[in-house]
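Only one structure is covered here, and it is reproduced in the block below.
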Amino acid sequence: MVSVCFYFQVHQPYRLRKYPIFDIGRNHNYFDDKKNEEVLKKVATKCYLPTNRTILDLIEKTDGRFRASYSLSGIVLEQFEKYCPDVLESFRQLVDTGYVELLDETYYHSLSFIYSKKEFKEQVKLHNEKIKEIFNFTPRIFRNTELIYNNELANFIEKLGYSGILAEGADYILGWRSPNFVYKPKTTEKISLLLKNYRLSDDIAFRFGEKSWAEYPLTAPKFAQWVNAINGNGVLVNLFMDYETFGEHQWEDKGIFKFLEHLPWEIMKHPDNDFITPSEAVERYKPVAELDIHQLISWADIERDLSAWLGNKMQQEAARELYSLENAVKKSRNQEIIDDWRKLQISDNFYYMCTKWFADGDVHKYFNPFDRPHDAFISFMNIINDLKIRLKE
Amino acid sequence: MFGWEFPPFSSGGLGTACYGLTKSLSKKGVDITFVLPSADDTLKSDFLRLISTKGVRIRGIRSLLTPYMSVRDYRNLRRARSGAPNIYGATLFDEVYRYTEAAADIAKQETFDLIHCHDWMTFGAGIKAKKISGKPLAVHVHATEFDRTGGNNVNEYVYRLERNGMEAADVVIAVSNFTKNKIVQHYGINPEKIVVVHNAVEITDDASSIDQFVIKKHDRVVLFVGRITLQKGPDYFIYAAKKVLEHEPNVKFIMVGTGDMEMRMIEKAAELGIADRVLFTGFLGHNDLEKVYRMADVYVMPSVSEPFGITPLEAMRNGVPTIISKQSGVSEVIKNCLLVDFWDINELTNKIVAVLRYRTLGDLLKEDALREVKKITWDKPADKCISVYNKLLKGVQ
């Protein structure tokens, strides 16, 4: 028996505008609204709307045998409300089928767990309330920003009442163990840990359109065979990926939508296979072992650590400076300041300051609205200085 | 090789580039006869000692030629030397003609497999040598007339010499894609005939600074190094200085170099009321220049049009954070620097202030740049030239 568990991440940041020193103390608008609207509408057309249609169609045609789960950041939900209400509506339709599960995360897609547990908890609550308000749904499973995870987080999340948590199935954590089972995090009682099968997930998310890849072109029957091969040495295949894989990272003309349309049918050809959501997985499969993960891991890059957001001095200083304002910001009781401060926490802001891609290739560059990581840092620090002035006023 | 400047008798990046390239080529077993216009009889032995590498020979032609001279400069120089024997031509262009003729004689006397010449003044010599010997010709473009003039008042004669050289050549070597595009656009050369070979920099042993500078007691230092001419954008540097001082008062701006805009820049600084904050050093020799680099907190290269631009690499080598014009070839090869459009004075100001204010930014740029610049050695360009040579020689057989 192999259960396939799809989880899609849906997120778009509020990109910062170029904020020069001249604006400090004079202009408190930090965001590039025009660009944010543009990007959101583009991705809505290329990805969110057509993919939602495909998924809805699959659920209906299979009578719910195909199912999936999503995590939508609070930030992307706000932007849907503002710029693309039709996208929000199509997500509502999906949730209303009863076969789509929503997960919780930090509202601001932030790194707050690392810097302030208090702020982290507040953001989880905000997200939980937003999901309830829009979808009338209460998540039972948690996933942290970019699958950042360790024992401590699992423990914290268990105390908040969640029954499951997601993480990256990184080789250096698992060793000889397989990601295709449910685990129990060390230092917890009853919360279950689901691990991403990164090979199969990345075959779709990163390698699908890669012509130099030995398995190119990837077809649904071929992928279903790989899933079938897990029978006997695993019970669960967690396919976790960015939703923008469909139509945005992998283009329609490369056949990504055709692949998605056919995949469930190919997988279900094997009588022992089925689809499952994370909370169903947690209920059906008991943990096979305890996993001890001390250091923080994530699903990013080859390193699968925090180096994409906090790897260099600029990133560390920017984050330190930002979180050092927490008390002053909250004391101000100024909702605009609090909201701006929280939007600055969006992890993408730190990602844009990453310099390791200079050696690694250009994945980061593709997503970066700034010419250079240093430019992202300069704008960010100028903004922090403006925020400090507002706090004094 | 036909060139026109070589350290220590050089005033710009061309000499530095020829020196680095020649040294590395000879290490890799290429025998080079380097032909120079020269007004100095001691040149020959000086250079052999300087390079101290086998396989490189320097030949001089008596000449007053320097690469960045205007017709008027030349007239003045010649007047100043009026006591000397009259072996120099009457105008700059006569001088180029004389260099060409003399270089052709050398081509008859020497044995060689191919001809490699550097910038327009030597192109005539290259063409002649090719005609005499039948050997293949590579012309190396370090700068075009469009860079030197900013595109205004392009000198027809120089332009024609450049174009003739590129057309007659079997291959054109450009110091950047930026320059390659100019060659295609303004000279109508087939892009397939152009090979891009980026310059590099020599690594000095000790880049870390133990020097104590009095100036640094009270002020941070922003540095400009280059000829003070239109091409290098010195005016943008001065305007940015004025704006930076409005935000960060304790800063000194140092301009190293000379040129036809020097007086105007001194006056401009006075007019803007920042004369006490902008220091003009004139031309500096190697050791003093290295010292100034180590004094600097930020290096700025605001060039209007920079075919390559070796000075940012020199700054990086000395651990100085750099801000460079996007309109440059060097921006194609270095990542750990800040970029600006040369005309965007506000952005230049923003970035200078940011480096001064956010120490982390400067620290990181410094560390990363040191690591990066160590990899930009003359090995790579020399290898590329050798592969160009091999292709040319194969074509001959």
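The values are calculated or read from the model by the stated rules, or taken from the named source; none is laboratory data. Note that this is a predicted model, so its numbers are computed, not measured. Here the Cβ is made from the backbone with ideal geometry for all residues, glycine too, and neighbour counts use every protein chain on show.
Can you tell me which residues in the range B:352-369 are β-branched (Val, Ile, Thr) and within 8 Å of chain A (Cβ to nearest Cβ)?
Once the filter is applied, which keeps residues that are β-branched (Val, Ile, Thr) and within 8 Å of chain A (Cβ to nearest Cβ), the range B:352-369 yields B:353, B:360.
Within the range A:116-137, can one find any residue that is of a type outside the set (Gly, Ala, Ser) and part of a loop (DSSP other than H, G, I, E, B)?
yes
Could you say which residue among A:100, A:39 is away from every other protein chain (no Cβ under 14 Å) and over 30 Å from residue B:347 (Cα atoms)?
After applying the criteria, what remains is A:100.
Rundown of residues vs (1) closer than 21 Å to residue A:149 by Cβ; (2) within 14 Å of chain B (Cβ to nearest Cβ), yes/no style:
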| residue | (1), (2) |
| --- | --- |
| A:289 | yes, no |
| A:295 | yes, no |
| A:309 | yes, no |
| A:317 | no, yes |
| A:320 | no, yes |
| A:334 | no, no |
| A:369 | no, no |
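Would a scan of the range B:14-32 turn up a residue that is part of a strand (DSSP E or B) and at pLDDT 85 or above?
yes
Any residue in the range A:311-339 that is farther than 24 Å from residue B:366 by Cα sitting within a Cβ distance under 7 Å of a residue that is among the basic types (Lys, Arg) and in a helix (DSSP H, G or I)? List the pairs, counting only those 6 or more apart or interchain.
A:337/A:390; A:338/A:330
Inside the range B:323-335, can you point out the residues that are within 11 Å of chain A (Cβ to nearest Cβ) and at pLDDT 95 or above?
Answer for the range B:323-335, where residues must be within 11 Å of chain A (Cβ to nearest Cβ) and at pLDDT 95 or above: B:323, B:326.
Please note which helices (runs of 4 or more DSSP H) are completely contained in the range A:279-361 and include at least 1 residues that are acidic (Asp, Glu).
A:313-324, A:326-332, A:335-344, A:348-351, A:357-360
Consider residue B:174 carefully, then state whether it is of a type in the set (A, V, I, L, M) and under 18 Å from residue B:4 (Cα atoms).
yes
Among what's in the range B:220-254 and is modelled with pLDDT of 95 or more and among the hydroxyl-bearing types (Ser, Thr, Tyr), pick the residue that is surrounded by the fewest Cβ atoms within 10 Å (Cβ to Cβ).
Out of the qualifying residues, it is B:239.
Between B:281, B:349, which is over 25 Å from residue B:141 (Cα atoms) and within 14 Å of chain A (Cβ to nearest Cβ)?
Criteria check complete, one pass: B:349.
Would you check if residue B:257 is away from chain A (no Cβ under 14 Å), over 20 Å from residue B:328 (Cα atoms) and at pLDDT below 95?
no
Just give me the residues in the range A:61-93 being touching a strand residue (DSSP E or B) at 6+ places or on another chain (Cβ under 9 Å) and among the basic types (Lys, Arg), in sequence order.
Those that are touching a strand residue (DSSP E or B) at 6+ places or on another chain (Cβ under 9 Å) and among the basic types (Lys, Arg): A:65, A:67.
Right, residue A:180: part of a loop (DSSP other than H, G, I, E, B), modelled with pLDDT under 95, under 28 Å from residue A:258 (Cβ atoms) and in contact with a strand residue (DSSP E or B) (Cβ under 9 Å, 6 or more places away or on another chain) or not?
Answer is no for this residue.
Given the structure, is residue A:18 within 14 Å of chain B (Cβ to nearest Cβ), under 26 Å from residue A:351 (Cβ atoms) and more than 21 Å from the chain's Cα centre (by Cα)?
Judged against the criteria, residue A:18 is a match.
Within the range B:209-229, is even one residue touching a residue at least 60 places away in the same chain (Cβ under 8 Å), closer than 21 Å to residue B:332 by Cβ and of a type in the set (S, T, N, Q)?
no
Would you mention how many residues in the range A:200-225 are part of a helix (DSSP H, G or I) and buried (at least 16 other Cβ atoms within 10 Å of the Cβ)?
Number satisfying all stated conditions: 9.
Condition (residue is touching a residue at least 40 places away in the same chain (Cβ under 8 Å), assigned to a loop (DSSP other than H, G, I, E, B) and aliphatic (A, V, I, L, M)) applied to the range A:192-199: is it met by at least one residue?
Looking through the range A:192-199, none of the residues is touching a residue at least 40 places away in the same chain (Cβ under 8 Å), assigned to a loop (DSSP other than H, G, I, E, B) and aliphatic (A, V, I, L, M).
Please work out if residue A:237 is in contact with a Cys (Cβ under 9 Å, 6 or more places away or on another chain) and modelled with pLDDT of 95 or more.
yes
So which residues in the range A:226-264 are assigned to a helix (DSSP H, G or I), under 19 Å from residue A:59 (Cα atoms) and either in contact (Cβ under 8 Å) with a residue 60 or more places away in the chain or among the polar types (S, T, N, Q) (or both), if there are any at all?
Once the filter is applied, which keeps residues that are assigned to a helix (DSSP H, G or I), under 19 Å from residue A:59 (Cα atoms) and either in contact (Cβ under 8 Å) with a residue 60 or more places away in the chain or among the polar types (S, T, N, Q) (or both), the range A:226-264 yields A:243, A:257, A:260, A:261, A:264.
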